[in-house]
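The values are calculated or read from the model by the stated rules, or taken from the named source; none is laboratory data. All of these numbers come straight from a predicted model, not from anything done at the bench. When we count neighbours, we look across all protein chains shown, and the Cβ atoms used for this are built from the backbone with ideal geometry, even at glycine. For accessibility, only protein heavy atoms count, side chains too; no ligands or nucleic acids. Shrake-Rupley method; radii C 1.70, N 1.55, O 1.52, S 1.80 Å.
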Amino acid sequence: MNKEKYVFAQLVSFLDNFKFLRIVKKYNGDHYVKHFTFWDQLLALMFGQLSNRESLRDLIIAIEAHRSKCYHLGLGREMVRKTTLATANQNRDYRIFEEFAFFMMDQARAKRVTDIFNLGGHVYAFDSTTIPLCLSIFKWAKFRKHKGGIKVHTLFDVETQVPAFYHITEAKVHDSKKAIKTIPLEVGSYYIFDRGYNAFKELYKINLAQSFFVVRSKKNLQYKCVKWRKRLPKNILTDAIIQLTENLSAAKYPDTLRLVRFHDDEQDRDFSFLTNATHITATEIANLYKNRWLVELFFKWLKQHLKIKKFWGTTENAVRIQVSAAITAYCLVAIVQHDMHIKRSTYEILQILSMSLTDKTPLSELFEKAKLNNFKDQDYPLLPGLFN
């Protein structure tokens, strides 16, 4: 890699510019654009994400501080103006950035593909995170009487640790009633849900699609045992085939279910899971649910280390563009981490990049020389064999 390139320019080289331009052309995006292109807009937003800028004004000040370097950083020939970027975020079609984010997710997953659980299908965790917004400013995002907010519903590929799908709604949208319907289903894949997703009608659709689910059951579940196993492995309290007995639930899920109760020694708690996967062991089911927390760790990264808590625009369009830019930046880091065989955590990579975007150090040297020993947050390894 060229030693004369700035770090940010080296990162940009991992992005598929031609693919992005094809998406822009698909939506006729650049038809009336003369100077500040969609590509310039994306790179400006990603520069702000990776350099931890707190606001739109903060981002513009940072760019102006490196005025002489802008072209070589990849930020265009002309200086980015606050009003120009704000207007672009407000008016330009968010679908262009969203579709490119989906493309980046596919690229990152393809590069980091692995089969940790050896189940013959992808393993996904589905959950949502609520981002509070000031109702007096974000009037379109009404949540409660005096609160505003949005939800980012995410299907997270547990094995590659990269999102596979996301969907943005108002915060008042209930997870189990509407959001779960948006999940793209794959034959033979596994979908892991928390207790808030006990939507038997939607779970039955997963079953009919020849896919598998694991969901934490509610305490008031009404059922009868059809068949159960007597010889149980360590920490497995119950492994039974059940039939739902509550009329409404039984009508929504007329088939049998598998109930697995597991005792977690670390937390000294019992957990109950419902699944349609009868071909794997009860311990494997517990292992699958154990790794569901990785989607929550992803939300933590988005909120703390990439800027989606403070938005650089007040319209729904601007919010959607910024979320897409944040996910694109996350996938970019995942791709760089894979392609350059970087043995560092995501936290370390983001911290190093935030301080080095305008340096001319080659990326390989940058991550080898930098030392970060004092930090609280870190990545955690997958633990598929934790309960074995």
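Counting only residues that are in a helix (DSSP H, G or I), within 18 Å of Thr87 (Cα to Cα) and touching a Phe, Trp or Tyr at 6+ places or on another chain (Cβ under 8 Å), the stretch 48-68 holds 4 of them. Within the stretch 184-199, the set of residues being more than 18 Å from Arg261 (Cα to Cα), crowded, with 21+ Cβ neighbours inside 10 Å and hydrophobic (A, V, I, L, M, F, W, C) comprises Ala199 only. The residue of the stretch 315-332 that is farthest from Gln90 (Cα to Cα), among those that are open to solvent by 10 Å² or more (accessible area, probe 1.4 Å) and of a type outside the set (D, E, K, R), is Tyr330. For the stretch 268-298, the candidate set comprises residues that are among the acidic types (Asp, Glu) and in a helix (DSSP H, G or I); within that set, the residue that is farthest from Tyr190 (Cα to Cα) is Glu296.
Just to verify a result, which residue in the stretch 212-242, among those that are among the polar types (S, T, N, Q) and open to solvent by 30 Å² or more (accessible area, probe 1.4 Å), is farthest from Phe200 (Cα to Cα)? This residue is Asn235. Checking each residue in the stretch 3-28 for being closer than 19 Å to Ile352 by Cα and free of Cβ contacts under 8 Å to residues at least 60 places away in the same chain picks out only Ser13.
Counting the residues of the stretch 188-205 that are aliphatic (A, V, I, L, M) and at pLDDT 95 or above gives 1. Could you look through the stretch 275-312, keep only residues that are over 13 Å from Val162 (Cα atoms) and of a type in the set (Phe, Trp, Tyr), and pick out the one that is modelled with the highest pLDDT? Once the filter is applied, the top-ranked residue is Tyr289. Could you please find all residues in the stretch 31-57 being at pLDDT 90 or above and open to solvent by 30 Å² or more (accessible area, probe 1.4 Å)? Trp39, the sole residue that qualifies. Please work out which residue is modelled with the highest pLDDT, limiting yourself to the stretch 1-25 and to residues that are over 20 Å from Gln107 (Cα atoms) and surrounded by fewer than 19 Cβ atoms within 10 Å (Cβ to Cβ). Selected residue: Lys25.
Taking Glu78, is it outside any helix (DSSP H, G or I) and within 28 Å of the chain's Cα centre (by Cα)? So Glu78 does not fit the description; no.
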